[in-house]
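This report concerns only the one structure given below.
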Amino acid sequence: MTDSTGTTAPAPTADLDGAAAPDRSGLYLVDGSGFIFRAFHALPMMTRPDGTPVNAVLGFSNMLLKLLADVKAEAVAVVFDSARLNFRNEFYPDYKAHRPETPEELKPQFALIREATDAFCLPSLELDGYEADDLIATYARLAQEAGRPVTIVSSDKDLMQLVGPGVAMYDPMKNKHIGPDEVFEKFGVQPDKVVDVQALAGDSVDNVPGVPGIGVKTAAQLITEYGDLDTLLANAEKIKQPARRQKLIEFADQARVSRRLVQLEANAPQPKPLEDLRVREPDHRRLIDFLKAQGFRSIVARVEMEMKRDGRIADAGLPASPATPGAVDADGVVAPQPTATVEKRYELVQDLAALEVWVRRAQASGVIAVDTETNSLTPATATLVGVSLSTAPGLACYIPLAHGSAAAAAGQLDFDAPPPPKQIPTADLMAALKGMLEDPAILKVGHNFKFDHQLFARNGVTVSPIDDSMLISYALDGGAHGHGMDELAELHLAYTPISFKEVCGTGKTQITFDQVPLDKALDYAAEDADITLRLWTLLKPRLVEARMVTVYETLDRPLVPIIADMERAGVRLDQDALKRLSQDLAVRLVEIEKDVHQLAGQSFNIGSPKQLGEILFDVMKLGAGKKGKTGAYSTDSSVLEELAEQGHSIAQRVLDWRQLAKLKSTYTDALQEKIEALTGRVHTAFALAATNTGRLSSTDPNLQNIPIRTEEGKKIRRAFIAAPGNRLISVDYSQIELRLVAEMANIQALKDAFRDGLDIHAATAAQVFGVPLDQMTPDIRRKAKAINFGIIYGISGFGLSRQLGITPGEANSFIKTYLERFHELKVWMEATKSFARDHGYVETLFGRRCYMPGIQDKNPARRAFAERQAINAPIQGTAADIMKRAMNRVPAALAAAGSHAQMLLQVHDELLFEVPEAEAEQAAALVRAVMEGAASFSVPLVAEAGIGSNWGEAH
DNA sequence: TACTTCACG
DNA sequence: GACGTACGTGAAGTAT
């Protein structure tokens, strides 16, 4: 990070926070109220086991912890607003009148944050009738007069007016020091003129009116020219621009009122004397008790770690430290280090000699974090732009490879462009790193390493062994929160990394990474490798504590190179067929649209649910309509189907239109655009840490929801084809989730039916409805099938009734009979819900945990939802685990058999392969065998295979 | 950016 | 009797 003041050390030894080190004496005034709101909005909603929301409490606690680790202040105070109204409302009642109501999830957190402040043993300040900002101004003045340096800890621009001699600001969210230069950057004037600028520009958030038509830029210009607000207003007549002159004269009083609103009160009464704001030694046991009660496991770990380091183990009754922080133990695991105190040393590596140092460091420590930068998010075709490495917390480098050469690469000559910087040729870098990246004694750590693995593979390097901090987090905390690097850095390191959009911009002005200047690229890329290593250091040991090593090591981690290969292989599409389908659909959509408009008696946008609802229910008056919490009419397919059954032909036509419009926009049009020119194929990305249950997901494009259920949809599936001379093989598990229900709940009758190879829906129908198999009707079987599915989803009478179009009463009696026939199921469902309530998570048969926030929720609807999730997650998750076991074994099994089959896609219970025609039968049989043998239960696993020249035929 | 709808398992 | 319902995803389009 580069300090914008330009006053600190130059790269490569940039300062830790991109700012002058915080002063280690003096007074720190923390804007508590500001933090509550920022933390609340910055962090995803999270709750403690009892359902109390705590995201703002977590953000706040993290901030305090980081602050206390960063600075050795002699005095700290956390300052809060006391009430919504203050003295400003007396002369301007509308002040902050536009503020939205405090969100419900935030309200209970105010008291907890006061508690947190006490638990940290920090003094707090608040005063009726004054804002936190006024108290900050007052105490800043007092300290300044006493000759003590002051740091205001806040991200609020309204406090910038206080910056001056002896008073600085520090924004802990952005890790940024704010001095006079930063204030000038923001307001265009020195801090003492900030109120004048704000008085003119106003502030829509706080409802400060200012002068209409004048923004910060103009205000700064005027104040610079005239010196201050009063002089400006007194000389308003002299302003040249007529509109501006007129506004300033007309709104002079409003500007003066605005100044009174933004001017902070530095002479407020003092709730506590300045001397009382001393930092006291925290009561660690109390602090840990508080943090534990909120469920903040990672912070507790950090506090305990710092206590160990400080030799305070005994008084907290903690076990002795297993390792010295920073040291490497017998397993090659680096013990966690308190990260906030580590200094950043980022280096740009532009020649092989400098690189050599990093390779030696990796050899010495046995661990290195690796991250790649590219010009695209599709690793199968992206150009490698740079590589970053980190070998210790704070110690990282960036190796640029293709910066500033975009024009040259495109074969264009641009004599005005600066020459590309000195860079190691990509092939030379690969040659230099190959030994290290393939060295079995050096662990390579990445965050979402699948991406990087693919890039190295394309450059002839098979990275091994690897660890993935994203997948470790997923195994540890799946369902509790997301696992992206930025989110984890906030959560575990109390740090906000430089965002990609800060570096590359967004929207139309977005640039690719090769266009990023080297100094910025270094800050961003080196930081990614640094954070990856820090996260790994923190999270890896937790796998052992959480007994999640097996899940990670045998299910998720081995998948990285395998899925990287699938993505890289991509799948072939018949572009001509898609094009013809698009054209055909376009013609039919126009026809249907004409029909619908005629039936409606007017033209409107059929794709707009709002307009459609109004046409159907207001204009045509087809029934009552109205639904949904937003007050809009629901027009989803169940509503339209009902209308169609009542004989309203417009409803059926709209359904037809919807289906075709969906197929065209989401599939036949979009898929063509996803064909990569470089390979002629489509390369999806499988997300390995996206779902709450352990399933994969597929994006860009999503190839796990290609149509199949309708005849029109099947045409799209037939556009997925094998390369010439090859075939596609599809192998899918038969009824895997229902088999797992039988296994996990130990339902004897169901297990017998599966063992006997019966038609499972007919068999359950026979059991539940007492109809002999030879008298089974399709309708009875359909009902049994719906119940079977319902079980997997955490059945409810209401849901089943909607599915079957029967009354909830009938549905409930079906469920009752079902649970009587399969009595073991009820026991299992109750036990599973109870386990979820006790632990806050459920487990798959292979030990993967799925956290269930909401299982303790006071709201019965949300709790019921969590209970259904608790039933479904072990079933869906175990099926996902089994599929992962199969996928981990298939490539090796194929290779051992000398097969050239390539795995292409996974669709939850199905695998798709491409294979030379002559090997198809053999490969299909082999894959079936591996899938069926992926787990061994008392219920057999059955997989079925199909072969064809396209996906529709193979399935 | 949020909501609605719908494609799949 | 509350509450709003089948579980898990991702993408496109409209409305704000």
Task: Residue that is modelled with pLDDT of 85 or more and surrounded by 17 or more Cβ atoms within 10 Å (Cβ to Cβ), where the choices are A:Ala116, A:Ala19 - done: A:Ala116
- [ ] Consider only pairs whose beta carbons are under 7 Å apart and that are at least six residues apart or on different chains; among these, list those whose first residue lies in the stretch A:476-495 and is open to solvent by 30 Å² or more (accessible area, probe 1.4 Å) and whose second residue is in a helix (DSSP H, G or I) and of a type outside the set (Asp, Glu).
- [x] A:His481/A:Leu491
TODO: Consider A:Val211 carefully, then state whether it is touching a residue at least 12 places away in the same chain (Cβ under 8 Å), open to solvent by less than 20 Å² (accessible area, probe 1.4 Å) and assigned to a loop (DSSP other than H, G, I, E, B).
DONE: yes
Task: Which listed residue is of a type in the set (Asp, Glu), away from DNA strand B (no atom under 11 Å from the Cβ) and within 30 Å of A:Ala870 (Cα to Cα), from A:Asp669, A:Asp700 - done: A:Asp700
Task: Test set (1) open to solvent by less than 70 Å² (accessible area, probe 1.4 Å); (2) at pLDDT below 95; (3) over 36 Å from the mean Cα position of the chain (by Cα) - A:Val596 fails condition number - done: (2)
Open item on the list: Could you list, ordered by first residue, the pairs with Cβ atoms under 8 Å in which the first is in the stretch A:790-809 and on the phi > 0 side of the Ramachandran plot and the second is assigned to a helix (DSSP H, G or I) and within 6 Å of DNA strand C (Cβ to nearest atom), at least 6 apart or interchain?
Closed with: A:Gly794/A:Arg868; A:Gly794/A:Gln869; A:Gly794/A:Asn872
- [ ] Go over the candidates A:Leu277, A:Leu261 one by one and state the one that is touching a Lys or Arg at 6+ places or on another chain (Cβ under 6 Å), modelled with pLDDT of 70 or more, under 30 Å from A:Gln144 (Cα atoms) and buried (at least 16 other Cβ atoms within 10 Å of the Cβ).
- [x] A:Leu261
- [ ] List every residue pair whose Cβ atoms sit under 6 Å apart, with the two residues 6 or more apart in sequence or on different chains, where the first one lies in the stretch A:876-900 and is in contact (Cβ under 8 Å) with a residue 24 or more places away in the chain and the second, anywhere, is open to solvent by 50 Å² or more (accessible area, probe 1.4 Å) and among the basic types (Lys, Arg).
- [x] A:Ala880/A:Arg695
Open item on the list: Please count how many residues of the stretch A:663-689 are more than 9 Å from DNA strand C (Cβ to nearest atom) and either among the aromatic types (Phe, Trp, Tyr) or on the phi > 0 side of the Ramachandran plot (or both).
Closed with: 2
Open item on the list: If I filter the stretch A:623-655 down to residues being within 15 Å of A:Asp595 (Cα to Cα) and within 10 Å of DNA strand B (Cβ to nearest atom), which single residue comes out as surrounded by the fewest Cβ atoms within 10 Å (Cβ to Cβ)?
Closed with: A:Leu655
Task: Which numbered condition A:Phe846 fails, given (1) more than 24 Å from the chain's Cα centre (by Cα); (2) within 30 Å of A:Val551 (Cα to Cα); (3) within 12 Å of DNA strand C (Cβ to nearest atom) - done: (3)
- [ ] Provide a single number: the residues in the stretch A:812-836 that are open to solvent by 60 Å² or more (accessible area, probe 1.4 Å) and under 22 Å from A:Arg739 (Cβ atoms).
- [x] 7
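Quick grid of which residues meet (1) within 28 Å of A:Glu910 (Cα to Cα); (2) of a type in the set (Lys, Arg):
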residue: A:Glu830; (1), (2): no, no
residue: A:Thr844; (1), (2): yes, no
residue: A:Gln856; (1), (2): no, no
residue: A:Arg862; (1), (2): no, yes
residue: A:Arg868; (1), (2): yes, yes
residue: A:Ala880; (1), (2): yes, no
TODO: Give the residues of the stretch A:787-811 that are more than 16 Å from DNA strand B (Cβ to nearest atom), crowded, with 16+ Cβ neighbours inside 10 Å and polar (S, T, N, Q), sorted by residue number.
DONE: A:Ser801
- [ ] Please find, among A:Ala546, A:Ala521, A:Ala529, the residue that is open to solvent by less than 30 Å² (accessible area, probe 1.4 Å) and at pLDDT below 95.
- [x] A:Ala546
Task: Residue satisfying all of: in the stretch A:609-622; more than 12 Å from DNA strand B (Cβ to nearest atom) and open to solvent by less than 40 Å² (accessible area, probe 1.4 Å); farthest from A:Lys594 (Cα to Cα) among these - done: A:Leu622
Task: Flag if A:Ala489 is on the phi > 0 side of the Ramachandran plot and in the same structural domain as A:Asp528 (by TED's automatic domain parsing) - done: no
Task: Leading residue by the ranking (farthest from A:Arg695 (Cα to Cα)) among those in the stretch A:483-496 that are outside any helix (DSSP H, G or I) and modelled with pLDDT of 95 or more - done: A:Gly484
Task: helices (runs of 4 or more DSSP H) completely within the stretch A:227-294 that count 3 or more residues being small (Gly, Ala, Ser) - done: A:252-262
Task: Test: residue in the stretch A:690-713 that is within 30 Å of A:Ala918 (Cβ to Cβ) and more than 10 Å from DNA strand C (Cβ to nearest atom) - done: yes
- [ ] Give A:Leu740, A:Leu728, A:Leu703, A:Leu758 a once-over and let me know the one that is part of a strand (DSSP E or B) and either outside the structural domain of A:Leu663 (by TED's automatic domain parsing) or open to solvent by 20 Å² or more (accessible area, probe 1.4 Å) (or both).
- [x] A:Leu728
Task: Sole exception among (1) away from DNA strand B (no atom under 14 Å from the Cβ); (2) modelled with pLDDT of 95 or more; (3) part of a helix (DSSP H, G or I); (4) in contact with a Gly (Cβ under 9 Å, 6 or more places away or on another chain) for A:Leu904, by number - done: (3)
Open item on the list: Checking A:Asp228 against (1) farther than 24 Å from A:Glu74 by Cβ; (2) at pLDDT below 90; (3) of a type in the set (Asp, Glu): exactly one of these is not met. Which one?
Closed with: (2)
Open item on the list: Here are the criteria: (1) touching an Asp or Glu at 6+ places or on another chain (Cβ under 8 Å); (2) of a type outside the set (Asp, Glu); (3) within 16 Å of DNA strand C (Cβ to nearest atom). Tell me which single one A:Leu905 does not satisfy.
Closed with: (1)
Task: Hits in the stretch A:356-380 (condition: in a strand (DSSP E or B) and touching an Asp or Glu at 6+ places or on another chain (Cβ under 7 Å)) - done: A:Val370, A:Asp371, A:Thr372
- [ ] Looking at (1) farther than 30 Å from A:Arg542 by Cβ; (2) open to solvent by less than 20 Å² (accessible area, probe 1.4 Å), find the lone condition where A:Ala896 falls short.
- [x] (2)
- [ ] Report the residue count in the stretch A:565-609 for those that are assigned to a strand (DSSP E or B) and among the polar types (S, T, N, Q).
- [x] 0
Open item on the list: Name the single residue that is most open to solvent (accessible area, probe 1.4 Å) among those in the stretch A:434-461 being aliphatic (A, V, I, L, M) and more than 23 Å from A:Lys540 (Cβ to Cβ).
Closed with: A:Ala457
Task: Single unsatisfied condition, A:Ser464 versus (1) hydroxyl-bearing (Ser, Thr, Tyr); (2) buried (at least 20 other Cβ atoms within 10 Å of the Cβ); (3) in a loop (DSSP other than H, G, I, E, B) - done: (2)
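The values are calculated or read from the model by the stated rules, or taken from the named source; none is laboratory data. Source: prediction; values computed, not measured. Quick reminder, even Gly has a Cβ in these numbers, built from the backbone with ideal geometry, and neighbours come from all protein chains shown. To get the accessible areas, we keep the full protein, side chains included, count just its heavy atoms, and leave off ligands, DNA and RNA. Shrake-Rupley method; radii C 1.70, N 1.55, O 1.52, S 1.80 Å.
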